[in-house]
Amino acid sequence: MSEPVQPEGLQRVSAALLALGHPHAPVMLDDAARTAQQAADALGVALGQIAKSIIFKRKPDGIAILVVTSGDRRVDEAKVQALVCAAGGCLGRADAAFVKAQTGFSIGGVAPLAHAFAPVTLIDRELFRFDEIWAAAGHPHAVFKLRPQDLQRLTGAPVADVVELSA
């Protein structure tokens, strides 16, 4: 009996990780991990160890802005805007069709790499609280293990303060 064919997004992420020499291949979870909480529960890790991918749309040029943030934090849109926009008010919400068209992934499975079109990427410095984190691997059931330093190496993205202050 042959192995089932992997979904296309998962294949892209697997190939990218392999090409970049990442030691951990994606794993398929039994249940969907469309949210950071679902992923944390399925993996038995802290919510903050989930590297969630948040996509915004930069209005002037239609470029996707990817913020990879710690699962227990909320992105501060004003901080992101200050880093990626020449003028205020340039960020907009990205709907499911925009996310799919720009990344090649459906919401709930957006990986931090192997996008259809290269986004402007920012990495939340809060991820560096952990030695080990997990990110989506191109499918709502797929994740891969890495260190925050690996995320920076794999994406080439800067680390920034992009989240709201904790209460």
Restrict the check to segment 67-86 and report whether at least one residue is surrounded by fewer than 19 Cβ atoms within 10 Å (Cβ to Cβ), over 17 Å from the mean Cα position of the chain (by Cα) and assigned to a loop (DSSP other than H, G, I, E, B). yes
Among the residues that make up segment 24-35, is at least one of them part of a strand (DSSP E or B) and within 17 Å of the chain's Cα centre (by Cα)? yes
From the option list 40, 16, 64, 51, single residue qualifying as over 16 Å from residue 139 (Cα atoms) and not in a loop (DSSP other than H, G, I, E, B) is 64
Which of the residues belonging to segment 109-137 are at pLDDT 95 or above, assigned to a loop (DSSP other than H, G, I, E, B) and surrounded by 17 or more Cβ atoms within 10 Å (Cβ to Cβ)? 110, 111, 112, 113, 114, 115, 119, 130, 137
Considering residues of segment 39-56 that are closer than 26 Å to residue 92 by Cα and not aliphatic (A, V, I, L, M) only, the residue surrounded by the fewest Cβ atoms within 10 Å (Cβ to Cβ): 48
How many residues of segment 94-108 are in a loop (DSSP other than H, G, I, E, B) and without any contact (Cβ under 8 Å) to a residue 60 or more places away in the chain? The answer is 2
Go through (1) out of contact with any Phe, Trp or Tyr (no Cβ under 7 Å at 6 or more places or on another chain); (2) without any contact (Cβ under 8 Å) to a residue 40 or more places away in the chain; (3) buried (at least 17 other Cβ atoms within 10 Å of the Cβ) and name the single condition residue 91 misses. (1)
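The values are calculated or read from the model by the stated rules, or taken from the named source; none is laboratory data. Since we're looking at a predicted model, the values are computed, not measured. As a convention, Cβ positions derive from the backbone with ideal geometry for all residues, glycine included, and neighbour counts pool all protein chains shown.
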